[in-house]
Ligand SMILES: Cc1ncc(COP(=O)(O)O)c(C=O)c1O
C-alpha cells in the first residue's frame with residue numbers, strides 16, 4: 001500500500017465527503033418547483049434529479065434525488081448547500097469555479113466561495129471521476145440556462 | 001492447465017506501482033504474444049486485399065483469411081464453413097440477424113422472445129425490430145436462483161414466437177443456460193433461435209451443431225483475439241433465404257444499373273473489405289486455446305470462480321449475485337454502502353482492474369434491485385493470487401470507508 005496519500009485516495013474519501021454521501025443535505029424532491037432537470041451518466045448509470053424553486057432571480061429552495069457513487073452524491077449535496085439563497089447568476093459563477101477546480105486550478109481550489117465543495121479538489125487526480133463530481137453542477141447549469 | 005502468464009506481455013506492466021491484476025476479461029481479454037506476433041507477421045509478409053487480386057500476395061492473404069473461417073467452424077463445431085460469417089463482433093452479428101431475418105420473418109403482431117439477463121446488444125436490436133414491425137417483445141423472467149424461469153419460458157413459447165434469443169452465459173451472473181433444452185423447446189414452438197455466445201465460446205467447449213442453435217454469435221476480442229472481429233454462425237439454409245445486410249463490394253455476383261445478384265454464402269453477408277488482420281489474429285487465438293484445451297480452460301475458470309466466491313464470502317457486508325451452483329468465471333458483488341464505482345477506483349490504486357456499473361444489462365440490474373455492481377471475471381491468465389489481491393484491495397476499500405477490519 002502506498003505511504004501517506006500518494007494515490008490521493010485518502011483525500012478523495014475524506015470524512016467530509018463520506019459524510020455528505022451518507023447524510024446528503026437537501027435530498028428529496030420539491031412539491032413546488034420552478035425548474036426540474038434529470039441528468040444521467042449513461043456509462044455508469046448514475047442518475048440525478050435537481051429541483052429548483054426560484055423567487056425572481058434567487059434560488060429560494062433546492063433539492064436533489066437519484067443514486068450514484070460517493071463523489072456524485074456528495075458533490076450534489078455540497079452544491080445544494082452552496083447555492084441555496086444565492087442569485088442564479090452567482091450560482092452559475094460558482095459552477096464555473098467548481099469546474100475550474102476539477103480541472104486542476106489550484107487558485108479555484110483556494111477560493112473560499114466554494115465552501116465545503118473545496119473538499120472535492122482531489123477529484124482532479126482521478127480524471128474518470130470528474131464527470132461524477134460534475135453531475136449535480138451540470139444539472140444546475142442546465143436548469144438555469146435561460147435565467148438572467 | 002499450464003501457467004500461461006509469461007505469454008501475455010501486458011501482464012508484466014505495473015499499474016500505480018503494483019502488478020497489474022486484470023479481472024475484466026468479460027469486457028475484453030488480454031492478448032498473448034502468439035496472437036500479437038501473428039498480426040505483425042501478417043502485415044510483415046502477407047498483407048493484400050482479399051478475394052480481389054490475381055497476384056500471389058492476394059491469393060495468400062485470401063487463403064489465410066479463408067483458412068480461419070474453417071478453423072472457426074471446427075472450433076465451435078459448425079458443420080459448414082459457409083455458415084461462418086465474419087463480423088465486427090457479437091453486436092454486429094445480432095444486428096445482422098435482427099435486421100435481415102427480421103425483415104422477412106417478423107410481421108405486425110408477431111412475437112419475439114428475449115430474457116431478462118441479456119446484454120443490451122442482445123436486447124436493443126430486437127427492440128428496434130419489434131418497433132419497426134409493430135411486433136411484441138416478450139421478456140422471460142428469472143428464478144430466485146438467477147436462472148431463466150422455465151415455466152415463464154414455456155408460457156412465452158405458447159405465443160408461437162418467430163424468433164427466440166437468449167445468452168449462453170450471463171455476463172453479470174455467470175449463469176450457464178441449458179442452451180440445447182431451450183433451443184429444442186423453441187424449435188418445437190416453431191421459432192428460430194439465436195444464442196449470444198459472447199461469454200461462452202471463450203470459456204468452455206461449445207458445439208453449435210449439438211446445441212442445434214440456428215444462429216450462434218461471439219466476439220474475438222473476448223477470446224484473446226483482436227477487437228473488430230467476430231463470427232455469426234448460421235445454418236446455411238436460413239442464411240441463404242435471408243436478404244443481404246449491407247450492400248457493397250465483395251457481396252455481389254453481377255451488378256446491373258438498377259439491380260444486382262448476390263454472391264453465395266458466406267460472402268453475401270461480408271460487404272466491403274473485411275478485417276483480415278482480425279481474422280488472422282482470431283485464428284492464432286483459436287490455435288492457442290485449442291492447445292490449452294477448452295475443457296482445461298473451463299475447469300481453470302470455474303475453480304477460480306469457486307475460490308473467489310469462497311474468499312469474498314468472508315468479507316463482512318459483501319453481497320454476491322448469481323446462482324448458488326455451477327457458474328462461469330463471473331463474480332458480481334456489492335460491498336456495504338460503498339458504491340461499485342468507488343470500489344473500482346480504490347482497488348485500481350492497488351493495480352486491480354475490475355468492472356463497476358450496469359454491465360450493459362439494465363433490465364437485469366432492476367431485477368437485482370441495484371443500480372450497479374462490481375464485477376470480477378477470470379480467464380486463462382488469472383491465478384488464485386489475483387483473487388487474493390482483489391480481496392486485500394477490498395479490505396482497503398472497507399478501511400477507507402470507515403469499516404473495521406473483519
Ligand atoms: C453476453 C454479451 N453479449 C454481447 C456482448 C457485446 O459484445 P461486443 O461488444 O463485442 O459486440 C457482450 C460483451 O460486452 C456480452 O458480454
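What follows draws every value from the coordinates through simple rules; no lab data is involved. None of these values were measured; they are calculated from a predicted model. A quick note on method: Cβ atoms are made from the backbone with ideal geometry, for glycine too, and the neighbour counts reach across all protein chains shown.
Quick rundown of the values:
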read-out	value
Label point distance in nm, residue B:54-residue B:18, each placed 7 Å from Cα along Cα→Cβ	6.2 nm
Rg(Cα)/(2.2 N^0.38 Å) for segment A:1-146, N = residue count	1.00
Residue B:134-residue B:310 FRET efficiency (beta carbon distance; Förster radius 51 Å; 0.05 resolution)	0.55
Nearest-ten-degree value, helix B:294-312 long axis tilted from longest Cα axis of chain B	30 degrees
Segment A:1-56 versus segment B:3-55: alpha-carbon centroid distance in Å	40 Å
Hydrodynamic radius of segment B:35-290 per Kirkwood, over alpha carbon pairs, in Å	18.8 Å
Label point at residue A:65 placed 7 Å out along Cα→Cβ; residues across segment A:5-44 whose backbone nitrogen lies under 19 Å	A:21-41
Between helix A:130-143 and chain A: long-axis angle, C-alpha atoms, 0 to 90°, nearest 10	10 degrees
Where labels lie 7 Å past Cα in the beta-carbon direction, separation of residue B:324 and residue B:47 in nm	5.6 nm
DSSP beta bridges in segment B:154-291 [antiparallel fraction, %, rounded to 5]	55 percent
Counting DSSP beta bridges with both ends in the protein assembly as shown, the antiparallel % (nearest 5)	70 percent
Mean ellipticity per residue at 222 nm, deg cm²/dmol - from DSSP H runs of n ≥ 4 across chain A, formula -39500 (n - 2.57)	-12000 deg cm²/dmol
Fully extended contour minus Cα-Cα distance, from residue A:57 to residue A:32, at 0.36 nm per residue	7.4 nm
Helix B:179-188 axis, angle to chain B major axis (alpha carbon atoms, nearest 10°)	40 degrees
Rounded to 5, the percent of DSSP beta bridges in chain B classed as antiparallel	60 percent
FRET efficiency, residue A:81 to residue B:27 (Cβ-Cβ, R0 45 Å, nearest 0.05)	0.75
Mean residue ellipticity (222 nm) of chain B, computed from DSSP H runs ≥ 4 via -39,500 (n - 2.57), nearest 500	-12000 deg cm²/dmol
Translational diffusion coefficient (Stokes-Einstein; Kirkwood radius from C-alpha pairs) of the protein assembly as shown at 25 °C, 0.890 mPa s, in µm²/s	95 µm²/s
Whole-number percent relative contact order across segment B:35-290, with pairs defined as alpha carbons under 8 Å at least 6 apart	25 percent
Inter-label distance, nm, simple model (7 Å from Cα along the C-beta direction), residue A:40/residue B:67	4.8 nm
Computed Rg/Rh of segment B:59-138, alpha carbon atoms with Kirkwood Rh	1.10
Extension gain from residue B:2 to residue B:240, taking 0.36 nm per residue of separation minus the Cα-Cα distance	81.4 nm
